[in-house]
Ligand code: GAL
């Protein structure tokens, strides 16, 4: 079928074919477009691949096909846990908790992918989108993939390979198709254009970049208050505490009001506030009959229940208003963040969710609602915070396309550590954030490795929902439950130190998130985004960049390994912990108790004090580290750290510049330079 891509913006093209569906994700989630910024971009040409594309619409659904060259590589499709490079794969993108295999099922299956040729494609559909990267072969088009010889093992026999010469996007049952193409010149550039189109990245409040402790699920108000005192007394630097389902009078599903176990919520919020700690509330979006909003929201919900509650139709304005108004009440009480659990549905752990054929008042069916559910709930909650002029940094277990502006970090605990890290890398391709949360461990070493990875992730999260005592007092879940605690505090000291390092990184991270907000540059991204020329990084899914200057290479927690190999990109690099200089473009085996972290040569790193608890009134005392002889100026950002005033222009970029005798910074109420340290010039030595 004849089809034409139309230019929407200098770097964005759109293809529409067939009949338009009543509600597409862009209509529901897409109102935040950073149009002004996108209009300033230089006009890009439509990628040649798309000039050869074709569309077919018939009773099967809508099919888009484009030719692919052997050299092109594809990444993305949201939070893929099981694979990184997508060539040769066919993925059916369905929102699903705890996907056991590499099928496309995911907590956040965004139908958006990027190509190494520097463009990205978004299939704007809430239906299950199937994307095929050269896995299927049209008759007569097979390339030479060795077919003909039979492998003598199943791994090779069933290995997915790129055999075909086209990429297809198929949307079963769809009467039409709407695709967007973002041209950025590089993978990173294409992702930036996509993120800007979705509304730019989220900007967390300052406190959101600190550490979060999620309490034991059976803890009462008294228990939580005692824990707050204990954490303070033992100087464990947490700026957020999370209550699990039990704060409510009913869960699962959610009543969304405090129950008997929390008789004085105002007192709890006050106690937390006195200690500079924000409170995060666990919720399910399924509303229980005992909830004060049940009667009001029921008519605007789907025809099937989930966990005994109604599933509001968040595509329907009235449902958003009712749910959002109730959230505002909780926000006014003091709830600074939410954890929206189980909005992903599951086919693998108990089949709990509404079925695909469920009808909803907006006209979307169960399949479409399911894919969009997390994103729509997140949007509803974000809008409630916005109406209160307060920013949040919350958690959600499902998301979709258009994720960048939503201040929600994805989580789940049912994966191994390697999958956690791969998800962190993959999230960066699709405007998503993921936290490889810490839970119970088999050994003290494993716990430390897990904490190391979370403090260098989007959300530094210790999830102790299953254990009454903090995991650093007993890492073993059964012993923890029996209150058999470790005799010494060695483990606690190690964890405290790491949580302190997270606090030190807040100014740097805040700057990276600001860039995400303004330019769409993901604050956490796989190495292939920054170093696309280096072939060795094309499949690297266990190392990533945090901001522009830090390379993070966690040591896997659950393998018992004490070291790992790290390939450093070309150029000079410095060990974050020792200041030792490394020559890039080489492999290093690192046997270390620390998490390997490297700082790029000729950069500046502003580090706060471990005790600087991030919040509205914090004045960060900075140690500015200079790496190399010509560190680039670094841009810190100053605003109230909590409201949306920055969108109204109340923010300032503060450029730190190296001078002959130190570092110059404009006067600031937020940051104070305590000392400047030139790294790697002394006895740090050099490794080649
Ligand atoms: C799970 C969630 C956990 C915890 C638990 C509480 O679904 O992943 O983090 O919140 O529910 O019941």
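A short reminder: the numbers here are calculations on the coordinates, not readings from a lab. Predicted model only: the values in this text are computed from it and were never measured. Using ideal geometry, Cβ is built from the backbone for each residue, glycine included, and neighbour counts are taken over all protein chains shown.
Suppose each label sits 7 Å from its Cα in the direction of the beta carbon; what would the residue 635-residue 234 distance come out to in nanometres?
With each label placed 7 Å out from Cα toward Cβ, I get 4.2 nm.
How long are the three semi-axes of the equivalent ellipsoid of the stretch 323-463, in whole Å, if each is the root of 5 times an eigenvalue of the C-alpha gyration tensor, listed from largest down?
27, 21, 14
Quick check: residue separation of residue 659 and residue 559 times 0.36 nm, minus the Cα distance between them. What number comes out in nm?
Length gained, residue 659 through residue 559: 31.4 nm.
Over the stretch 127-201, what is the relative contact order in percent, taking alpha-carbon pairs closer than 8 angstrom and at least six residues apart?
Relative CO of the stretch 127-201 lands at 36 percent.
For residue 20 and residue 220 in the same chain, what is the full-extension length gain: residue separation times 0.36 nm, less their Cα-Cα distance, in nm?
Answer, rounded to one decimal: 66.9 nm.
Let's test this: bin the Cα-Cα distances of the stretch 269-310 at 10 Å from zero up to the farthest pair and state each bin's percent.
Whole-percent P(r) values from 0 Å outward: 26, 34, 19, 19, 2.
Could you give me D for the stretch 297-347, from Stokes-Einstein at 4 °C and 1.567 mPa s, where the hydrodynamic radius is the Kirkwood radius over C-alpha pairs? Units µm² s⁻¹, please.
Estimated diffusion coefficient is 106 µm²/s.
Compute and list, largest first, the equivalent-ellipsoid semi-axes of the stretch 246-373 from the alpha carbon gyration tensor, each √(5λ) rounded to a whole angstrom.
So the three semi-axes of the stretch 246-373 are 28, 15, 13 Å.
Let me check against my output: what whole-number percent is the relative contact order of the stretch 323-403, with C-alpha pairs under 8 Å and at least 6 apart?
Worked out over the stretch 323-403, it gives 41 percent.
Along its three principal axes, how long is the stretch 573-674 when you only count alpha carbons? Whole Å, largest extent first please.
Projected onto the principal axes, the Cα atoms of the stretch 573-674 cover 47, 33, 25 Å.
Please report Rg over Rh for the stretch 148-287, where both radii come from the alpha carbon positions and Rh follows the Kirkwood definition.
1.22
To the nearest 0.05, what FRET efficiency results for residue 136 and residue 623 with a Förster distance of 56 Å applied to their C-beta separation?
0.50
Could you pull the Rg and Dmax for the stretch 20-59, using just the Cα atoms, both in Å?
15.2, 41
Order of 519-526, 431-438 by packing, highest average Cβ count within 10 Å first?
Output ranking for 519-526, 431-438: 431-438, 519-526.
Please report the relative contact order for the chain, taking Cα pairs under 8 Å with a sequence separation of at least 6, and give it as a percent rounded to a whole number.
13 percent
Once you compute Rg and the Kirkwood Rh from C-alpha atoms, what is the Rg to Rh ratio for the stretch 538-610?
0.95
Along its principal axes, what span do the Cα atoms of the stretch 479-575 show, with the longest given first and each in whole Å?
Over the stretch 479-575, Cα extents along the principal axes are 52, 31, 26 Å.
Sorted from largest to smallest, which semi-axis lengths in Å does the alpha carbon gyration tensor of the stretch 100-229 give for its equivalent ellipsoid, taking the root of 5 times each eigenvalue?
Semi-axes (√(5λ), whole Å): 41, 24, 16.
How large is the translational diffusion coefficient of the chain in µm² per second when you combine the Kirkwood radius over alpha carbon pairs with Stokes-Einstein at 37 °C and 0.692 mPa s?
127 µm²/s
Highest mean first, how do 266-274, 490-498 rank when packing is the count of other Cβ atoms within 10 Å averaged over residues?
Averaged packing, sorted descending, gives the order 490-498, 266-274.
For a bin width of 5 Å, list the pair-distance distribution of the stretch 521-560 built from all Cα-Cα distances, rounded to whole %.
Going from the shortest bin to the longest, the percentages are 6, 25, 28, 23, 11, 7, 1.
Sort 37-45, 590-598, 92-100, 360-368 by the packing proxy (mean of other Cβ within 10 Å over each peptide's residues), most packed first.
92-100, 360-368, 590-598, 37-45
Roughly how many whole Å is it from the C-alpha centroid of the stretch 437-467 to that of the stretch 17-52?
The stretch 437-467 and the stretch 17-52 have Cα centres spaced 39 Å from each other.
Place a point 7 Å from the Cα of residue 602 along the Cα-to-Cβ direction; which residues of the stretch 570-593 have their backbone N under 17 Å from it?
Under cut-off, by backbone N: 570-574, 582-585.
For residue 348 and residue 264, FRET efficiency with R0 = 41 Å and r from the beta-carbon atoms, rounded to 0.05?
Efficiency for this residue pair is about 0.55.
Apply 1/(1 + (r/R0)^6) to the Cβ-Cβ distance of residue 477 and residue 4, taking R0 = 51 Å, and write down the FRET efficiency to the nearest 0.05.
0.30
Do the sum for the chain: with -39,500 (n - 2.57) for every DSSP H run of n ≥ 4, divided by all residues, what is the mean residue ellipticity at 222 nm, to the nearest 500 deg cm²/dmol?
When only DSSP H runs of four or more count, the value is -7000 deg cm²/dmol.
Over all directions, how big on average is the projection of the convex hull of the alpha-carbon atoms in the stretch 388-444, in square nanometres?
5.2 nm²
Could you work out, for the stretch 1-101, what percent of all Cα-Cα pairs fall into each 5 Å distance bin, beginning at 0 Å and stopping at the bin that holds the largest distance?
2, 8, 13, 16, 21, 22, 13, 4, 1
Once both labels are modelled 7 Å past Cα along the beta-carbon direction, what's the residue 383-residue 488 spacing in nm?
If labels sit at residue 383 and residue 488, their model points lie 5.6 nm apart.
So for the pair residue 40, residue 414, with labels modelled 7 Å out along Cα→Cβ, what separation do we get in nm?
4.5 nm
Need one number: convex hull volume per residue for the stretch 499-636, Cα atoms only, in Å³.
129 Å³
According to the Kirkwood expression over distinct Cα-Cα pairs, how big is the hydrodynamic radius of the stretch 45-149, in Å?
Final number for the Kirkwood radius of the stretch 45-149 is 15.0 Å.
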